[in-house]
Amino acid sequence: MTVELLRDPDADLIAACRRPDSDGFEAAFEELFTKYRDRVHAIAFRISGSPSDAADIVQESFALVFRKLDSFRGGARFSTWLFRIVVNCSIDHRRREGARPATSLETADLGREPVDETQSPREFAAVRELGGQVQEAISMLSPKLRVVLVLRYLEEMSYDELAATLGLSLGTVKSRLARAHLALENLVRTRFPQLSPSGAAPDTAGGAG
C-alpha cells in the first residue's frame, strides 16, 4: 500500500516514453508535454522575464527531457526532475542573454493585492506602476536568488519541494531564501524607496514563515 502511495503518477507515461520504437511513444510524450507545458512556461517566463525567451526555454527543456530520459532513475518524481531542468535552462538562458530587466511579469503578484475594478484610471495606473517597480527589483536579483523567490512564492513550492527541485539541502534553501529577502529589501530601499516600508516586497519577506 505504501509503495502505491509513493508511486510517481507519471510512471506509466515515462515507461512509454522510454520506448521510442513503440506505438504509444508519441502519444505518451505528447501527453507529458501537454500536462506540464503551461507550468514549465510559467517558470521559464518568471525567471527569464521575456515571453520569447520563455518559449525558447520550453523547447530547450523538453528537448533535454527527451535526450536525458534514460538518466532519470525515479529517485524523485518526474515533475521534480523536469522543473530542475527548466530552472537550469532558464538560468543558463538568462546568463547568456544578460541580466536585462523583465519586460512583463503580469502574473507575478508578490505580496500585491488584486486591483479593485472600481478604481479610477489614475488609481489603477498607480497600482500597476508599483507592481512594475517590484517586478523590476526582482529582475535585478542574481539568477539563483530570483529563482528561489519565483519557486517559493509564485509557484508556491514548499521548502521540501524547493530542496528537491534545486538539488539543495533544506538548510541551504532556507538560507538562500533569507538572502533573497534581504537582497530584495535592499533593492527596494535603494532603488524604489517609494515602495518601502509598507510596499509589496517587505511584506513578501515578512511572510516567508
Per the Kirkwood formula on distinct C-alpha pairs, the Rh of the stretch 38-101 is how many angstrom? 11.8 Å
Sort PHE192, PHE33, PHE45 by Cβ crowding within 10 Å, fewest neighbours at the top. PHE33, PHE192, PHE45
Would you please give the FRET efficiency between ALA15 and GLU155, computed as 1/(1 + (r/R0)^6) with r the Cβ-Cβ distance and R0 = 25 Å, to the nearest 0.05? 0.40
Report the relative contact order of the stretch 2-97, percent, no decimals, based on alpha-carbon pairs under 8 angstrom and at least 6 residues apart. 28 percent
In whole angstrom, the spacing between the Cα centers of the stretch 54-87 and the stretch 11-45 equals 10 Å
Per the rule of 0.36 nm per residue minus the C-alpha distance, extending ARG73 to ARG95 adds in nm 5.0 nm
Among the lysines, which fall within straight-line cross-link reach of LYS144, defined as a Cα-Cα distance under 22 Å, with same-chain neighbours fewer than 8 residues apart omitted? LYS174
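None of the figures in this text is laboratory data; all of them are computed from the coordinates on show. Keep in mind that this is a model prediction, so the values were computed, not measured. FYI the Cβ positions are ideal-geometry reconstructions off the backbone, even for glycines, and counts take in every protein chain you see.
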